[in-house]
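Enquirer: Once you've had a glance at the structure underneath, I'll fire off some questions.
The values are calculated or read from the model by the stated rules, or taken from the named source; none is laboratory data. What you see is a predicted model; the values in this text were computed from it and never measured. Cβ atoms come from the backbone with ideal geometry, glycine included; neighbour counts cover every protein chain shown. Accessible surface is based on the protein model in full, side chains and every heavy atom, while ligands, DNA and RNA are left aside. Shrake-Rupley method; radii C 1.70, N 1.55, O 1.52, S 1.80 Å.
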Amino acid sequence: MEQELSNELFICGGCNAKIGPGVLGDLLSQFPKQENPNFLVGFDSSDDAAVFRIDAETAMIQTLDFFPAMVADASLFGEIAAANALSDVFAMGGEVLTAMNIVCWPETKSTDTLGKILAGGFKKVQEAGGVLVGGHSIHDPQPKYGLSVLGRVHPNRIYRNDTCIPGDVLLLTKPLGTGIITTAYSAGEMAQDAFDAAVTSMTTLNRYAAEVLKKHTVHSCTDITGFGLLGHLSEMVSDRCSATVYADSVPCLIGAYQGAKEFLITAGGQRNRNHLEADVAFRIDDYALEEILFDPQTSGGLLVSVPVEEAAALLAEIEALGLPCGIIGEVTEKSDKKITVVH
C-alpha cells in the first residue's frame, strides 16, 4: 500500500490514547443517574453511544470519537478516525444520518495536511451513507481528528452492549492486533505487509457486518476499541453472566502475534491488563496471545452475542463479505471470573 507520508503527524496510537476504563468508571460514577422516559441508553451502562427516543418509530443515536494519529499518512488517518467514530452507530444497530468534524490542529503545521485528513473523513462518512454537515476546530499543540455522529434506530431494535444471554455464541467480525502493529510499525519494528493489513481492517466500515446482523437475532453487540477484546467483553457480560474465550479461534492480523512475542506492546494494553486482571482467568500459557486480547483496537470489529442455532449461518454470511471473522467463545452462567480464556 503506497502511502502519502506526512511529517506533520506525531504518531501516538489512535485508541491507544484512550483513558483507561478504571479511571473513566470512577469519574462517571460521580454523576447521578438521569431519569427521562425517552433516554433509552446512556453512559451508566458503558454502551457505545447514547440513544434518545423521538417517537414510537424513531430513536436518535448520538456519539463522538476523536484521537491523535496512529499512521503517518494524513488521508488514511482521516479515514481510520472517521470509520472508528461511525462504528458506534452500527454497533447500536442504527444507520448514520449526519456527522460533524472535530479538529485539533497546531498553528505551526500545514493546513494542506489537515485538508487531506478531512478528505479522508469525508470519504468514509459518504461510504457510511451519511452527510457531513460541518464541525468545530481549535488550535492545539498535537493534531487530533474525529467525528460527532448522529444516527437513527427503531426504539425496539437497539443493540445493547450488556444484554447477552448464557448459551449465546460470541462472534468477532474483525481480527485483533491493530494497536500492536501500528505502534511497532511507527518504531520501524513491523513489516509493511502487516501494517497494510491493519490499515485495510481499520478503514473497513462495520456497516457491512451490521447489515448482515439485521437478518439475525442479536442479543448483544459492541465494537472493539480502546479497552481491547477482553475489556469490551467484560462490559458485555456485566455482572450477570460470564464468558469463555477460545483463544485459538480468535482472528488475529498477521504480524500481531510475533510483535507481541517480541514485547512490542502498548501502554494502553497494559492499562487494560491492570484493570482486568482480577476478572480474567487464563487457562493458556501464551503471554503474546494474552497481549493481543488486551490490545487496544482502533476501528476494531463488532463483538456479537447471538443464539447458538444462528451462529454458523451468521459467520458464513460475514465471511462471504471477505471479512476475517470468527466464532471466538460463548456466554456462560455467572462464575467467579467474568472471563476464562482457554485453548
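Enquirer: Calculate for the chain the 222 nm mean residue ellipticity that helices alone would give, adding -39,500 (n - 2.57) per DSSP H run of length 4 or more and normalising by residue count, nearest 500 deg cm²/dmol.
Expert: -10000 deg cm²/dmol
Enquirer: So which trypsin sites (Lys or Arg not before Pro) in region 253-284 end up in coil per DSSP with only 13 or fewer other C-beta atoms within 10 Å?
Expert: Sites meeting the loop and neighbour criteria: Arg283.
Enquirer: Residue-wise, which Karplus ³J(HN,Hα) couplings in Hz belong to region 76-89, taking 6.51 cos²θ - 1.76 cosθ + 1.60, θ = phi - 60°, and x for glycine or proline?
Expert: Ordered by residue, 3J(HN,Hα) equals 5, 4, x, 5, 5, 4, 5, 4, 5, 5, 5, 4, 4, 5 Hz.
Enquirer: Taking amide H atoms as placed 1.01 Å from N in the peptide plane, list the residues 5 or more away in sequence, or in a different chain, whose amide H sits under 5 Å from that of Leu97.
Expert: Under 5 Å from the amide H of Leu97 lie the amide H atoms of Leu150, Gly151, Arg152, each far enough along the sequence or on another chain.
Enquirer: While we're looking at this one, here's another question. What residues have an amide H closer than 5 Å to that of Lys334, excluding those fewer than 5 places away on the same chain, when H is modeled at 1.01 Å from N in the peptide plane?
Expert: Excluding prolines and chain starts, which carry no amide H, the hits are Ser242.
Enquirer: Going by average Cβ density within 10 Å per residue, which order do the peptides 289-298, 234-243 take, highest to lowest?
Expert: Descending mean neighbour count gives 289-298, 234-243.
Enquirer: Here is a further query. Divide, for region 89-224, the radius of gyration over alpha carbons by 2.2 N^0.38 Å, where N is the residue count.
Expert: Here the answer is 1.24, to two decimals.
Enquirer: Related question: Can you tell me which of Gly300, Gly135, Gly120 moves the most in a GNM of the chain? Springs connect C-alpha atoms under 10 Å apart.
Expert: It is Gly135.
Enquirer: Determine the share of region 168-341's accessible area contributed by carbon and sulfur atoms, expressed in whole percent, with a 1.4 angstrom probe.
Expert: Carbon plus sulfur share of accessible area: 50 percent.
Enquirer: Is the shape of region 14-153 rounded, prolate or oblate, going by the alpha carbon gyration tensor and its root eigenvalues a ≥ b ≥ c, with a/c under 1.5 for rounded and a/b larger than b/c for prolate?
Expert: oblate
Enquirer: Next question. Going by amide H atoms built from the backbone, whose H comes under 5 Å of the H on Gly329, apart from near neighbours?
Expert: Distant-sequence amide H within range of Gly329: Leu170, Tyr246.
Enquirer: Taking a 24 Å limit on the Cα-Cα distance, which of the listed pairs Lys174/Lys214; Lys124/Lys144; Lys123/Lys144; Lys109/Lys144; Lys124/Lys214; Lys214/Lys337 fall beyond it?
Expert: Beyond 24 Å between Cα atoms: Lys214/Lys337.
Enquirer: Please figure out what share of the DSSP beta bridges in the chain is antiparallel and state it in percent, rounded to the nearest 5.
Expert: Antiparallel bridges: around 75 percent, rounded to the nearest 5.
Enquirer: What part of the accessible area of region 14-153, given as a whole %, is carbon or sulfur when the probe is 1.4 angstrom?
Expert: 57 percent
Enquirer: What ranking, highest mean first, results for peptides 88-99, 220-231 when packing means the other Cβ atoms within 10 Å averaged over each residue? Before the final figure, lay out each step's value.
Expert: On the way: 88-99: 24.2, 220-231: 27.1.
Top of the packing list down: 220-231, 88-99.
Enquirer: Cα-based Rg of the chain per 2.2 N^0.38 Å, rounded to two decimals?
Expert: 0.94
Enquirer: Another question about this same structure. Return the whole-Å distance between the Cα centroid of region 148-199 and the Cα centroid of region 225-253.
Expert: 11 Å
Enquirer: Could you state the accessible area per residue of the chain in Å², with a 1.4 Å probe and every protein chain left in place?
Expert: 42 Å²
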